[in-house]
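The values are calculated or read from the model by the stated rules, or taken from the named source; none is laboratory data. Values in this document were obtained by computation on a predicted structure and should not be read as measured data. In this analysis, Cβ positions are derived from the backbone assuming ideal geometry, glycine residues included, and neighbour counts consider all displayed protein chains.
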Amino acid sequence: MAETLSGMELRSTITSDAWLELALIRQEVASPEAGEVLVRIAAPINPADILVMFGPADPASFEFLERDGVPLVRARVPAEKLAGVAARLDQPLLVGNEGAGIVVQAGAGAEHLLGRSVALRDRMFAEYRTAKLTDCIVLPTGMSPHEGASASINPMTVLSMVDTMKREGHSALVHTAAASSLGQMLNRLCLTDGIPLVNIVRSDEQVALLRQAGAIHVVNSAWNDFPARLLDAIEQTDATLAFDAIGGGTMASDILHAMEIAQSRKSAQFSRYGSPVHKQVYVYGLLDPGDRVLRTNIGTAWSVGGWLMSWHLAKIGANATDALRARMLNELTTIFRTDYAAEIALADMLNPHEIARYGKPATGSKFLVVRGKHC
């Protein structure tokens with residue numbers, strides 16, 4: 001009979017009386033049933049995880065408490081923000097979009113995975129997670145959970161971006177927040193596959209980081225001549241597709257304007273409607289939660305829309321998804337590798353010092369949550 005285990009998991013709750021509560025709860029872990037495995041988890045902290053954990057609360061207002069001996073973090077949620085999170089009120093959410101781990105117990109029919117590393121999605125900020133075989137991505141033999149913890153999101157996202165480009169008839173890409181872990185991964189993929197890529201960053205340090213990684217076209221949005229530099233890069237690459245992680249502000253408009261000028265310069269005839277070549281910006285992040293501003297200097301043949309990797313995979317179907325996943329697994333320690341600034345023990349996730357580290361977005365500061373710092 002399998003050993004009965006207990007484990008901690010992180011829960012985020014926004015109450016109907018406008019409190020955010022983060023708590024680490026210890027509970028008994030059920031043994032896996034037939035066709036299931038029990039996995040000891042390591043999980044990266046992604047920006048989307050922070051959004052779920054903190055919601056619209058201000059981390060600067062966090063209160064660090066204990067309730068019945070359990071660490072608890074509380075903060076007020078602005079009353080005007082409650083409507084935007086109405087669907088989650090008074091519901092403890094299990095956080096963590098992805099992770100990987102060692103199979104420590106297996107139900108009938110899953111014994112062949114004992115001791116193997118598998119990658120999983122959802123509810124990953126936990127010491128253990130039970131999963132169905134069909135929900136596991138079996139990692140290559142010998143690959144550690146550390147190497148596979150970020151297999152599910154960023155690698156499949158950059159592969160889906162390139163796949164979208166090809167399926168929609170574009171030949172080059174523009175990417176914002178390009179010094180992020182995902183951005184560095186996309187740069188490696190595009191260099192390997194010979195795809196022209198315009199990287200937009202916000203500091204000279206990030207320019208240097210990408211140039212050292214081989215990036216050809218890197219522009220800093222803080223430069224005084226950013227519009228001219230962006231136009232030059234887009235003209236050189238002939239990019240007509242962008243993926244924008246910023247969301248708010250004028251960046252999407254700036255990109256479309258540069259694309260419009262670049263395409264109009266190629267046309268032999270003037271049209272008051274601008275270039276007929278379609279230009280597309282897909283917004284997949286919200287680093288700037290402010291209003292998105294689209295100016296009127298972007299021509300007529302353009303679109304701005306939301307995009308998610310999961311939507312793209314659902315659209316292309318199982319066979320095409322499996323092909324992308326096979327490449328990801330084959331190159332997970334090279335093109336699709338993820339570098340971590342540090343490991344954080346799950347038990348320390350509500351420590352004020354650790355929240356200050358992982359709660360502040362910074363290039364090169366991706367953290368991995370583990371059961372213990374030496375697990």
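In a residue-by-residue description of segment 17-36, the property of being crowded, with 22+ Cβ neighbours inside 10 Å, under 18 Å from ASP68 (Cα atoms) and touching a Leu at 6+ places or on another chain (Cβ under 8 Å) applies to at least one position.
Scanning segment 54-78 for residues that are surrounded by fewer than 13 Cβ atoms within 10 Å (Cβ to Cβ), among the charged types (D, E, K, R) and touching a residue at least 40 places away in the same chain (Cβ under 8 Å) turns up just one, ARG67. Out of TRP311, TRP307, one residue alone is touching a residue at least 60 places away in the same chain (Cβ under 8 Å) and either closer than 30 Å to ALA57 by Cβ or touching a Gly at 6+ places or on another chain (Cβ under 8 Å) (or both). It is TRP307. When you scan segment 224-232, do you find a residue that is in the same structural domain as GLY306 (by TED's automatic domain parsing) and touching a residue at least 40 places away in the same chain (Cβ under 8 Å), even just one? No, the conditions are met nowhere in segment 224-232.
Yes/no per residue for (1) of a type in the set (A, V, I, L, M, F, W, C); (2) under 19 Å from the mean Cα position of the chain (by Cα):
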position	(1), (2)
GLY99	no, yes
ILE102	yes, no
ALA106	yes, no
GLY109	no, no
LEU114	yes, no
ARG123	no, yes
LYS132	no, no
ILE137	yes, yes
SER144	no, no
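Among the residues of segment 228-278, those identified as part of a loop (DSSP other than H, G, I, E, B) and of a type outside the set (S, T, N, Q) are ASP238, ALA239, ALA245, ILE246, ALA268, PHE270, ARG272, TYR273, GLY274, PRO276, VAL277, HIS278. Considering (1) in a helix (DSSP H, G or I); (2) closer than 30 Å to ASP254 by Cα, the lone condition that VAL304 does not fulfil carries the number (1). Does segment 127-140 include one or more residues that are at positive phi and at pLDDT 95 or above? Scanning segment 127-140 turns up no residue that is at positive phi and at pLDDT 95 or above.
Exactly one residue out of LYS366, LYS279, LYS360 is among the basic types (Lys, Arg) and over 23 Å from the mean Cα position of the chain (by Cα): that is LYS279.
In this structure, is ASP291 in the same structural domain as ASP163 (by TED's automatic domain parsing), assigned to a helix (DSSP H, G or I), of a type in the set (D, E, K, R) and within 27 Å of the chain's Cα centre (by Cα)? The answer is no for ASP291. Of the residues contained in segment 211-225, none is found to be under 24 Å from ALA42 (Cα atoms), among the polar types (S, T, N, Q) and in contact with a Leu (Cβ under 9 Å, 6 or more places away or on another chain). For segment 251-285, the tally of residues that are touching a Lys or Arg at 6+ places or on another chain (Cβ under 7 Å) and either among the hydroxyl-bearing types (Ser, Thr, Tyr) or farther than 17 Å from ASP232 by Cβ (or both) stands at 2.
Pull out all pairs, ordered by first then second residue, where Cβ-Cβ is under 8 Å, the residues are six or more apart or on different chains, the first lies in segment 189-215 and is crowded, with 17+ Cβ neighbours inside 10 Å, and the second is modelled with pLDDT under 95. Qualifying pairs under 8 Å: GLN206/THR363; LEU209/THR363; LEU209/GLY364.
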